Each structure stands twice: as C-alpha cells, then as structure tokens.
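Peer 1: Submitted below is the structure of interest, expressed as structure tokens.
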Amino acid sequence: MITLEDVKNNEEVHALVQGAQKQLNSLGYTEHSIRHVSIVSKRAGDILEELGYPKERVELARIAGYLHDIGNCINRKDHAHSGAIIAYNILKDMGMSVADRTEIMMAIGNHDEETGTAVSDISAALILADKSDVHRDRVVNQNIRYV
Ligand SMILES: [Fe+2]
Ligand SMILES: [Fe+2]
C-alpha cells in the first residue's frame, strides 16, 4: 500500500509542490504551501479517523490532503482539476491501485467550492480540512503599504 510517507518522499511531488509555491509567491501570497498541505493532510485524515473509518481510508484522505493543491504548479485557476489529473498520474506511477487513485482524483477535483462539492467521504473530509486552515499568512498582501 502506498503511504503518505511514500508520497512525501517522492521527488516529482516535491518538485511540483515547489513549483506551486513559486507561482503563489509571484501572485503575492506569502503562504508556504508545505505548511498548508501538511495541515490539510493531517486534518483530513483525523476527521475520518475520528469517525471510525478504516486506516486505509484514513491514509487515502491524508494523501489527498497532501496533494490537493498541486495543480497550482500549472495555474491557480482550475487548479483543482489540473491537480486531480497530476495526482492520478503520479499515484499510478507509484503503483497505487486504480480504485484508490480514482478516489483521490475525485476528492482533489472537487475541493474548490467554485466548481466542486463533497462527492465522497474523502472529498468531504478534504473540503473541511482545507476550509479549517485560515492562516493570516494566506492573505494576499498587495494592498499593504509599508511606511
Ligand atoms: Fe485549493
Ligand atoms: Fe488548499
């Protein structure tokens, strides 16, 4: 079984998360992607764990959380959809079963409220975890003047 640890240690995942961060920096976000996706990953898993889901399902939620914003390495717009496809392909290369990687793709592809909604247990946990991370550093600060 592919674990969150395997995903975190994957070179491709690392490069794409860095690429996403680079684009967010240019757009004026001071957010650190790794901080955000680590929190979302943990909380998405914790939600299902608290509800008594099997540990395999909890692990899938943690992986979905870690990968959910990876589409920002292409473009912030539609990042849920592009990220879902990227995640699917990486997990396929890593040897994850088609059923599991489809679940993760579906959850990532629906995490943005503009185009998606809770379509599964993992999807619902991901949306809640993502929403729960309201960090002041995530605000775009282009209107702040330093005197
Ligand atoms: Fe997102
Ligand atoms: Fe997010």
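Peer 1: Considering the Cα trace of the stretch 1-106, what is its radius of gyration and what is Dmax, both in angstroms?
Peer 2: My reading of the Cα-based Rg and Dmax gives 13.3, 41 Å.
Peer 1: Work from the charge dipole of the chain (Cβ charges, +1 for Lys and Arg, -1 for Asp and Glu, about the Cα centre) and give the residue of Pro54, Val134, Ala87 farthest towards its positive end.
Peer 2: Val134
Peer 1: Lysines within cross-link reach of Lys42: Cα-Cα under 21 Å, excluding same-chain residues under 8 positions apart?
Peer 2: Here the lysines satisfying the reach criterion relative to Lys42 are Lys8, Lys55, Lys131.
Peer 1: Report the one residue of Gly28, Gln18, Met96 whose Cα lies farthest in the direction of the positive end of the charge dipole of the stretch 4-133 (charges on C-beta: Lys and Arg +1, Asp and Glu -1; origin at the Cα centre).
Peer 2: Gly28
Peer 1: Same structure, new question: What size of dipole, in debye to the nearest 20, comes out for the chain about its Cα centre when the only charges are +1 on Lys and Arg C-beta atoms and -1 on Asp and Glu C-beta atoms?
Peer 2: Rounded to the nearest 20 debye, it is 520 debye.
Peer 1: What does the net charge come to around Gly65 if you take all other residues with beta carbon closer than 9 Å to its beta carbon, with K and R at +1 and D and E at -1?
Peer 2: That sum, taken over residues with Cβ under 9 Å, equals +2.
Peer 1: If I fit a long axis through the Cα atoms of helix 11-26 and take the longest principal axis of the Cα atoms of the chain, what angle between them do I get, 0 to 90°, rounded to 10?
Peer 2: Compared with the principal axis, the helix lies near 30 degrees.
Peer 1: If you don't mind, another one. So how tilted is helix 55-67 from the main axis of the chain? Cα-based, degrees 0 to 90, rounded to 10.
Peer 2: The angle comes out at about 30 degrees.
Peer 1: For the chain, what is the calculated [θ] at 222 nm in deg cm²/dmol (nearest 500), taking -39500 (n - 2.57) for each run of four or more DSSP H residues and dividing by its residue count?
Peer 2: It lands at -19500 deg cm²/dmol.
Peer 1: A follow-up question, please. Rounding to the nearest 20 debye, state how big the charge dipole of the stretch 1-71 is about its Cα centre with +1 on each Lys and Arg Cβ and -1 on each Asp and Glu Cβ.
Peer 2: The dipole magnitude comes to about 180 debye.
Where a number appears in this text, it was derived from the coordinates with a stated rule and is not lab data. Because the structure is a prediction, the values reported are computed rather than measured. As a convention, Cβ positions derive from the backbone with ideal geometry for all residues, glycine included, and neighbour counts pool all protein chains shown.
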